[in-house]
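Scroll down for the structure; my scribbles are underneath it.
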Amino acid sequence: MIGFFSGAAAVAAATAGYQSMAPTAQWYGRTFIGLPRGSKKMALTFDDGPNDPHTLRLLEVLARHEVKATFFFIGRYVEQRPDIAREVVKAGHVVGNHTFTHPLLIFKAASEIEAELDACERALNEAVGEHSNLFRPPFGGRRPAVLSIARSLGLEPVLWNVTGYDWNAPSAEHIEGKVTSQVHGGDVILLHDGGHTAFGADRAYTVTATDRILTRYKAEGYEFVTIPKMMEVSLARRQRSP
């Protein structure tokens with residue numbers, strides 16, 4: 001009997017850990033992860049910027065494909081390079097909150113979580129003025145308090161359901177392959193224009209992979225939209241449902 005309870009406790013702990021880190025898990029509260037499978041809309045999202053020069057190079061790729069994306073910025077990098085953040089907004093892309101220093105929030109006290117989100121909001125407000133109310137927790141890590149604090153600040157949590165694993169990828173082709181192996185339509189794709197450990201991370205492979213992904217899926221009839229646009233579609237579908 002002791003073994004049974006020990007095993008059950010281990011399973012419960014593993015399940016709780018999965019739910020706190022898995023991007024598509026919804027046990028700890030609703031987060032936006034895209035549209036129903038099969039939709040012809042997808043959203044490109046980029047974390048950990050702004051970053052020099054790769055954020056600006058991504059803007060060139062996105063402009064060439066006439067696509068708008070969603071960028072989740074780290075506040076301390078926004079303070080360091082507000083000019084890049086402004087270029088992203090000027091180009092018509094959406095920017096959101098990715099905390100000020102990129103900590104794993106599941107291990108932070110409520111006061112620390114609120115401080116991280118507030119500091120990033122202040123940095124964004126000073127750099128670009130009005131912006132989205134979107135929030136993405138670093139590493140996808142969250143517990144109920146993280147989501148409730150974010151919503152109390154007027155922020156809407158956004159995760160993802162496809163990732164390119166581009167933070168240590170050996171090539172652009174590797175990133176593209178990771179994405180294409182997961183796409184089913186309606187997806188929120190996670191890529192990175194920066195790195196959370198230090199400003200100036202090399203994201204050249206991500207830039208090239210983004211170009212290849214856009215070329216491939218636009219040719220297949222997919223439309224790339226921002227997260228707010230995708231949320232509008234999701235809301236309209238729910239309202240039409242009986």
Distance between modelled label sites at S111 and T197, nm, 7 Å Cα→Cβ extension
3.1 nm
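Find the eigenvalues of the gyration tensor of the Cα atoms of segment 167-241, then list the square roots of 5 times those eigenvalues as equivalent ellipsoid semi-axes, largest first, in whole angstrom.
Square roots of five times the eigenvalues give 27, 16, 10 Å.
About the Cα centre of segment 119-177, how large is the charge dipole given +1 on each Lys and Arg Cβ and -1 on each Asp and Glu Cβ? Please answer in debye to the nearest 20. Don't jump to the answer; show the numbers that get you there.
Working: 5 positive and 7 negative charges, 85 e Å.
Dipole magnitude for segment 119-177 comes out near 400 debye.
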Which of A219, A150, A85 fluctuates most in a GNM of the chain (C-alpha springs under 10 Å)? That residue is A219
Among the Cα-Cα pairs of segment 110-171, the proportion with separation greater than 18 Å, in percent, is 43 percent
Based solely on its DSSP helices, what 222 nm [θ] is calculated for the chain when runs of n ≥ 4 H residues each add -39,500 (n - 2.57) and the sum is averaged over all residues, nearest 500 deg cm²/dmol?
-15000 deg cm²/dmol
Two pseudo-spin positions, 7 Å from Cα along C-beta at L235 and at Q182, lie apart in nanometres by 2.7 nm
Check D48: other-chain or 5+ apart residues with amide H under 5 Å from its amide H, H built from backbone geometry?
F72, I74
Extension gain (nm, one decimal) between S152 and R37, 0.36 nm per residue minus Cα-Cα
38.4 nm
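Which helices, taking whole DSSP H runs in the chain, have alpha carbons extending 15 angstrom or more along the helix axis plus mean Kyte-Doolittle at least 1.0? Numbers along the way, then the final one.
Working: long enough: 2-21 (29 Å, 1.02); 54-65 (17 Å, 0.13); 110-128 (27 Å, -0.11); 204-219 (23 Å, -0.24); 227-240 (20 Å, -0.62).
Span-like helices here: 2-21.
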Most mobile listed residue (E87, E130, E116) in the chain, GNM with C-alpha springs under 10 Å:
E130
Keeping all protein chains in place, calculate the accessible area per residue for the chain (probe 1.4 angstrom), answer in Å².
46 Å²
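Could you state, as a whole-number percent, how many of the C-alpha pairs of the chain are farther apart than 27 Å? Intermediate values should be presented prior to the final figure.
Values: 9877 of 29161 pairs.
When every Cα pair of the chain is considered, 34 percent fall beyond 27 Å.
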Can you work out ³J(HN,Hα) from phi for every residue in segment 159-164, in order, using Karplus 6.51 cos²θ - 1.76 cosθ + 1.60 and θ = phi - 60°, giving whole Hz and x for Gly and Pro?
10, 7, 10, 9, 10, x
Per q in 0.15, 0.18, 0.19 1/Å, what log10 I(q)/I(0) does a Debye calculation on the alpha-carbon atoms of segment 113-217 return?
-0.78, -1.01, -1.07
Inter-label distance for E87 and T24, nm, one decimal - labels placed 7 Å from Cα along Cα-to-Cβ
3.6 nm
For the chain, built as a Gaussian network whose Cα springs stay under 10 Å, the top-fluctuating residue of A204, A69, A109:
A109
Taking a virtual spin label 7 Å from the Cα of T101 along the C-beta vector, which residues in segment 62-87 bring their backbone nitrogen under 19 Å of it?
73-81
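Antiparallel versus total DSSP beta bridges in the chain: what percent is that, nearest 5? Intermediate results must be reported in sequence, preceding the final value.
On the way: 1 of 22 bridges.
Given both bridge residues lie in the chain, the antiparallel proportion sits at roughly 5 percent.
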Hey, how many Å between the Cα centroid of segment 103-123 and the Cα centroid of segment 141-206?
19 Å
Radius of gyration, Dmax [segment 73-156; alpha carbons; angstrom]
12.2, 37
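The values are calculated or read from the model by the stated rules, or taken from the named source; none is laboratory data. In this text the structure is predicted, and so the values were computed from the model without any measurement. Cβ atoms come from the backbone with ideal geometry, glycine included; neighbour counts cover every protein chain shown. Note: areas computed on protein heavy atoms with side chains; ligands, DNA, RNA excluded. Shrake-Rupley method; radii C 1.70, N 1.55, O 1.52, S 1.80 Å.
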